Amino acid sequence: MATLTCRFYGRLNDFLQPWRRGRRFGHALRAPASVKDVIESLGVPHPEVDLILVNGSAEAFSRLVTAGDDLSAFPAFRSIDISGITRAGVDDPPDVRFVVDVHLRKLAAWLRLAGFDALILADDRELAETAGREGRVALTRDVDLLKRNVVRHGYWVRHTDPERQFVEVLERFRLRGWMAPFTRCLRCNASLVRASPADVETRVPARARAAFDRFLTCPGCGRVYWQGSHYERLLRLLAHVQARLEEARAR
Ligand SMILES: [Zn+2]
């Protein structure tokens with residue numbers, strides 16, 4: 001049977017069956033199909049793809065391909081300027097905000113701790129639609145969720161350990177210099193606001209009010225934050241993550 005030849009580059013190989021990784025392979029095609037349908041039938045969700053070449057020309061996801069064509073797919077480039085080329089993918093949003101699969105709630109907590117906007121949603125359809133409507137990056141370990149048409153920005157989280165996932169997302173979206181710890185509520189994702197000891201009098205133990213004079217409160221859920229032992233522990237965790245990022249950059 002006539003085949004389409006395909007080659008996937010870089011981290012897109014994570015989605016392929018092993019014998020298709022890092023090499024050009026034939027893919028049987030009975031009828032013309034869109035690039036999006038072809039790459040997703042092979043396991044690669046479209047938001048992970050930045051550049052598509054068909055017979056050497058840059059094309060969109062809607063391009064129809066047929067047997068005899070040659071398709072190459074690339075992830076987002078970090079260091080190569082391809083601004084003159086028509087890309088299939090879209091730029092990462094400038095102020096990146098996330099909508100996180102409920103199964104990754106620990107990753108979402110890390111993102112909030114570092115000050116990033118990270119909604120958590122349980123329903124796949126609602127998650128995909130929120131990502132599309134609000135221009136949020138969908139973070140999930142469910143590849144099929146990212147294949148939904150409505151998702152423009154999305155990322156399949158490779159690691160399973162939450163701390164590694166956090167480092168992975170910081171790296172992928174280049175957020176290392178944009179952390180603003182303790183500015184967002186860990187429970188509900190709202191931005192925290194300053195409060196005086198008097199404002200929080202009924203919600204904070206007397207001992208904490210005596211020891212601290214700076215408090216933050218959440219306009220969403222009312223939770224109060226102050227720089228107690230919990231704060232020190234979180235600072236240490238963030239310092240640990242910074243060290244991991246340095247290691248990742250050194251490699
Ligand atoms: Zn809150």
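The values are calculated or read from the model by the stated rules, or taken from the named source; none is laboratory data. Please read these numbers as outputs of a predicted model, since none were measured by experiment. Positions of Cβ are generated from backbone atoms using ideal geometry, with glycine treated the same way; all protein chains shown enter the neighbour counts. For accessibility, only protein heavy atoms count, side chains too; no ligands or nucleic acids. Shrake-Rupley method; radii C 1.70, N 1.55, O 1.52, S 1.80 Å.
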Residue match in segment 33-51 (condition: over 29 Å from VAL169 (Cβ atoms) and without any contact (Cβ under 8 Å) to a residue 24 or more places away in the chain): no
Go through segment 89-106 and give me each residue that's surrounded by 13 or more Cβ atoms within 10 Å (Cβ to Cβ), under 17 Å from HIS46 (Cα atoms) and without any contact (Cβ under 8 Å) to a residue 40 or more places away in the chain. none
Assess whether ALA67 counts as being farther than 21 Å from ASP144 by Cα and surrounded by fewer than 13 Cβ atoms within 10 Å (Cβ to Cβ). no
Of the conditions (1) more than 16 Å from the ligand (Cβ to nearest atom); (2) modelled with pLDDT of 85 or more; (3) open to solvent by 50 Å² or more (accessible area, probe 1.4 Å), GLU171 satisfies every one except a single condition; which number is it? (3)
Right, ASP50: of a type in the set (D, E, K, R), touching a Lys or Arg at 6+ places or on another chain (Cβ under 7 Å) and open to solvent by less than 20 Å² (accessible area, probe 1.4 Å) or not? yes
In this structure, does GLY228 turn out to be at pLDDT below 85, within 25 Å of the chain's Cα centre (by Cα) and not basic (Lys, Arg)? no
Between residues in segment 213-240 that are open to solvent by 70 Å² or more (accessible area, probe 1.4 Å) and residues that are among the aromatic types (Phe, Trp, Tyr) and within 15 Å of the ligand (Cβ to nearest atom), which pairs lie under 8 Å by C-beta distance while being six or more apart or on different chains? ARG214/TRP226; TRP226/PHE215
Residues that are within 30 Å of GLY43 (Cα to Cα), touching a Lys or Arg at 6+ places or on another chain (Cβ under 9 Å) and not aliphatic (A, V, I, L, M), at least 3 per element: which helices (runs of 4 or more DSSP H) completely within segment 147-251 meet that? 162-172
In this structure, is THR130 β-branched (Val, Ile, Thr) and farther than 30 Å from TYR225 by Cα? no
Restricting attention to segment 136-158, which residues are over 12 Å from the mean Cα position of the chain (by Cα) and of a type outside the set (Val, Ile, Thr)? ASP142, ASP144, LEU145, LYS147, ARG148, ASN149
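Yes/no per residue for (1) more than 16 Å from the ligand (Cβ to nearest atom); (2) under 24 Å from ALA239 (Cα atoms); (3) open to solvent by 50 Å² or more (accessible area, probe 1.4 Å):
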position	(1), (2), (3)
GLU129	yes, no, yes
ARG141	yes, no, yes
ASN149	yes, no, yes
HIS153	yes, no, no
MET179	yes, yes, no
Is one or more of the residues making up segment 72-85 assigned to a helix (DSSP H, G or I) and aliphatic (A, V, I, L, M)? no
For segment 189-204, pairs from a residue that is without any contact (Cβ under 8 Å) to a residue 60 or more places away in the chain to a residue that is in a strand (DSSP E or B) and away from the ligand (no atom under 12 Å from the Cβ), with Cβ under 7 Å and 6 or more apart or across chains, are ALA195/PHE215; PRO197/PHE215; VAL200/PHE215; VAL204/PHE215
Hey, any hits in segment 179-196 for a residue that's modelled with pLDDT of 95 or more and at positive phi? yes
